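The values are calculated or read from the model by the stated rules, or taken from the named source; none is laboratory data. Keep in mind the model is a prediction, meaning the values are calculated, not measured. Every residue, glycine among them, receives a Cβ derived from its backbone with ideal geometry; neighbour counts consider all protein chains shown. What goes into the accessible areas is simple: the full protein's heavy atoms, side chains included, and nothing from ligands, DNA or RNA. Shrake-Rupley method; radii C 1.70, N 1.55, O 1.52, S 1.80 Å.
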Amino acid sequence: MTVIAVRKDADKLTMTLDAEFDASPERVWQLWSDPRQLERWWGPPSYPATFDAYDFRLGGRAVYHMTGPDGPTPNGFWQIRAIDPPRSLSFQDGFANADGSPNTDMPLSDVFVTIEAVGNGRTRMSIENVFADRAAMEQLLGMGQEEGLTEAVGQIDAILAEDPVAGAPR
């Protein structure tokens, strides 16, 4: 299985997911940098994401919506705070209104992604969510964030198997 660990720390207000892949850090980075690849895994299988805007650079913003079995679900956004290809990415993640503006009724979280080679052609990706406070952590985890992220990342191996070197001739 792709996901090797999920750790929650209520004192530090974090949830961290670790996953390993049979791919280079550069290939794993493409899963984040290419919105069409990102759409294939960001969101659990029953709630796929569509990125409506994707400005993948320092200070950039991404706006997306997810579609569930019963139709559209809440929108989301990222505000990119740091980017260091192919090693790390951080962004503020939040729910959005229909026009893409932040939904201030819902909590935000800070997300820190690290990507590193671990040997034998494998790469480890860690996604750490840092919550604003305990209430925000409880609310987002109560909405299924752990299960959703685990299912979402669990789709990556299939993407890598279909196209292990994105952009390379087949």
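Across the accessible surface of the chain, with the other protein chains kept in place and a 1.4 Å probe, carbon and sulfur atoms take up 52 percent.
Working note: Karplus 6.51/-1.76/1.60 with θ = phi - 60° gives the range 117-127 the couplings 5, 10, x, 6, x, 9, 10, 9, 10, 10, 10 Hz, where Gly and Pro are set to x.
How far, in nm, would the chain grow between Arg61 and Arg36 when pulled straight, counting 0.36 nm per residue and subtracting the alpha carbon separation?
7.4 nm
Solvent-accessible area per residue in the chain equals 50 Å², computed with a 1.4 angstrom probe and all protein chains kept. Taking the helices alone, the chain has a mean residue ellipticity at 222 nm of -6000 deg cm²/dmol, built from -39,500 (n - 2.57) per DSSP H run of at least 4 residues and averaged over all its residues. Comparing Met143, Met15, Met125 in a Gaussian network model of the chain (Cα springs below 10 Å), the most mobile by mean-square fluctuation is Met143.
Using a Gaussian network model of the chain in which every pair of alpha carbons under 10 angstrom is joined by a spring, one finds that among Asp34, Asp22, Asp11 the greatest mean-square fluctuation is at Asp11. Counting only protein chain heavy atoms and rolling a 1.4 Å probe, the accessible areas of Phe131, Phe112, Phe95 rank, largest first, as Phe112, Phe95, Phe131. For the range 32-42, putting each phi into the Karplus relation 6.51 cos²θ - 1.76 cosθ + 1.60 with θ = phi - 60° gives couplings of 8, 7, 9, x, 5, 6, 4, 4, 6, 9, 6 Hz, in residue order, rounded to whole numbers and with x for Gly and Pro.
Of the residues Pro69, Pro107, Pro45, the one that moves most in a GNM of the chain with alpha-carbon contacts below 10 Å is Pro69. Would the range 40-156 count as rounded, prolate or oblate if I go by the C-alpha gyration tensor, calling it rounded below 1.5 in a/c and otherwise prolate when a/b exceeds b/c, oblate otherwise? It comes out rounded by the Cα gyration axes.
Largest to smallest in accessible area, the residues Tyr64, Tyr47, Tyr54 fall in the order Tyr47, Tyr54, Tyr64 (1.4 Å probe, all protein chains included). About its Cα centre, the range 68-170 has a charge dipole of approximately 440 debye under the convention of +1 per Lys or Arg Cβ and -1 per Asp or Glu Cβ, with nothing else charged.
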